[in-house]
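The values are calculated or read from the model by the stated rules, or taken from the named source; none is laboratory data. Quantities reported herein were computed from a predicted structural model and do not represent experimental measurements. All Cβ positions, glycine included, derive from the backbone under ideal geometry; neighbour counts span all protein chains shown.
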Amino acid sequence: MTRTGTRDTRLNRLWGAACAFAGIFFLMWALSWIKASVVNEDLQNHCEVLRTTSFPFEKSCTHEDGTVEGANSLAFEGIFFGSAAAVAACLTAAFAIEAGRRK
């Protein structure tokens, strides 16, 4: 394979990976919105301390005994922020290859 062909193959794979990670990011964002706005909508009616965040969407309740209800899990937030970081890394690499190609 030629040098240009190898570079094009890498670039196509990077763009594909960036799109896949962006899809995961937006899927997780949609799931967090659904959980906060639909599933945990009534938390404010029986909660002493209600906590809401907007990135990612979360509505959680802390009870007197210290238990937390409705919060996003650590794995969920890891996938959410990890996919955002992976998109950024893939796009940075793709733009670096494009810049190297133009020189």
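Miscellaneous remarks
- Flag for Glu98 being assigned to a helix (DSSP H, G or I), over 20 Å from the mean Cα position of the chain (by Cα) and either surrounded by 14 or more Cβ atoms within 10 Å (Cβ to Cβ) or in contact (Cβ under 8 Å) with a residue 60 or more places away in the chain (or both): yes
- Search result, residues across segment 43-58 that are more than 25 Å from the chain's Cα centre (by Cα) and not β-branched (Val, Ile, Thr): Gln44, Asn45, His46, Cys47, Glu48
Conditions tested, residue by residue: (1) under 22 Å from Gly82 (Cα atoms); (2) among the hydrophobic types (A, V, I, L, M, F, W, C); (3) in contact (Cβ under 8 Å) with a residue 12 or more places away in the chain; (4) in a helix (DSSP H, G or I).
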residue	(1), (2), (3), (4)
Gly5	no, no, no, yes
Leu11	yes, yes, yes, yes
Ile24	yes, yes, yes, yes
Trp33	yes, yes, yes, yes
Ala36	yes, yes, yes, yes
Asp42	no, no, no, yes
Thr52	yes, no, yes, no
Glu58	yes, no, yes, no
Cys61	no, yes, yes, no
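- Index of the failed condition, Cys61 passing every other in (1) farther than 29 Å from Ala94 by Cα; (2) more than 22 Å from the chain's Cα centre (by Cα); (3) at pLDDT 80 or above; (4) surrounded by fewer than 17 Cβ atoms within 10 Å (Cβ to Cβ): (4)
- Top-ranked residue of segment 63-92 - restricted to ones that are touching a residue at least 24 places away in the same chain (Cβ under 8 Å) and either in a loop (DSSP other than H, G, I, E, B) or among the polar types (S, T, N, Q) (or both), ranked as farthest from Thr9 (Cα to Cα): Gly70
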